[in-house]
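Participant: Have a look at the structure that comes next, please.
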Amino acid sequence: MLRATLDDPLTRPFWDGCARGELLVQQFTASGNVVWPPRPMDPASRTFAHEWVAASGQASIWSFVVAHPPLLPAYAEFAPYPVVVVALTDHPAVRMVGNVVASADARIDSVDPATIVVGEPVRVVFAEQDGITVPRWTRA
């Protein structure tokens with residue numbers, strides 16, 4: 001499924017940015033509206049023209065859950081593990097889902113879920129998984 005997303009012309013700039021170690025967000029040129037997830041049309045101006053702009057990679061934990069079994073078989077060995085929703089500092093309306101980890105290449109269960117606090121500052125890091133570079137979050 002992720003491979004299909006990589007080939008999607010709408011999301012390809014995001015994944016290309018991740019591969020370069022850069023967090024990009026979609027911004028519509030008519031309104032300046034920054035959105036996530038990417039979409040073909042601006043909900044504010046109803047126009048299609050957009051660009052991809054760099055985000056600072058600074059964020060705060062907006063919410064989180066702890067994944068417990070039953071899970072997809074590939075993730076069962078990591079459970080329980082935290083899944084966070086972060087709000088980007090420079091685009092507070094933009095929220096992204098991911099994992100908070102001890103370091104870029106750490107396992108998704110490397111942070112004890114009991115230590116996570118809503119509002120805690122985090123920063124983006126990137127890790128390669130199965131040939132795809134994905135954003136993850138570490139404590140700032």
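The values are calculated or read from the model by the stated rules, or taken from the named source; none is laboratory data. Note that this is a predicted model, so its numbers are computed, not measured. Positions of Cβ are backbone-derived with ideal geometry, glycine not excepted, and every protein chain shown enters the neighbour counts.
Participant: Return only the number of the condition from (1) touching a Ser or Thr at 6+ places or on another chain (Cβ under 9 Å); (2) on the phi < 0 side of the Ramachandran plot; (3) part of a loop (DSSP other than H, G, I, E, B) that GLY21 does not satisfy.
Facilitator: (2) is the only condition that GLY21 fails.
Participant: Quick check on my filter: what residues within segment 24-39 are surrounded by fewer than 16 Cβ atoms within 10 Å (Cβ to Cβ) and under 25 Å from ARG136 (Cα atoms)?
Facilitator: PRO37, ARG39
Participant: Just to be sure before I move on: is SER56 under 20 Å from THR133 (Cβ atoms) and exposed (fewer than 13 other Cβ atoms within 10 Å of the Cβ) in the structure I sent?
Facilitator: Values: under 20 Å from THR133 (Cβ atoms): yes; exposed (fewer than 13 other Cβ atoms within 10 Å of the Cβ): yes.
Yes; evaluated as a whole, the condition is true for this residue.
Participant: Residue by residue through segment 40-51, note down the ones that are surrounded by 16 or more Cβ atoms within 10 Å (Cβ to Cβ) and not charged (D, E, K, R). Explain how you work it out, then say what you get.
Facilitator: First pass over segment 40-51, keeping only residues surrounded by 16 or more Cβ atoms within 10 Å (Cβ to Cβ): 42, 50.
Selection gives HIS50 alone.
Participant: Going by the structure shown, is VAL84 part of a strand (DSSP E or B), β-branched (Val, Ile, Thr) and either touching a residue at least 60 places away in the same chain (Cβ under 8 Å) or touching a Leu at 6+ places or on another chain (Cβ under 8 Å) (or both)?
Facilitator: Against the criterion (part of a strand (DSSP E or B), β-branched (Val, Ile, Thr) and either touching a residue at least 60 places away in the same chain (Cβ under 8 Å) or touching a Leu at 6+ places or on another chain (Cβ under 8 Å) (or both)), VAL84 does not qualify.
Participant: Which residue is surrounded by the fewest Cβ atoms within 10 Å (Cβ to Cβ), if the candidates are limited to segment 6-23 and must be at pLDDT below 95 and touching a Pro at 6+ places or on another chain (Cβ under 8 Å)?
Facilitator: So the residue we want is LEU10.
Participant: For segment 7-23, how many residues meet the condition of being of a type in the set (D, E, K, R) and farther than 17 Å from GLY131 by Cα?
Facilitator: Within segment 7-23, residues that are of a type in the set (D, E, K, R) and farther than 17 Å from GLY131 by Cα number 0.
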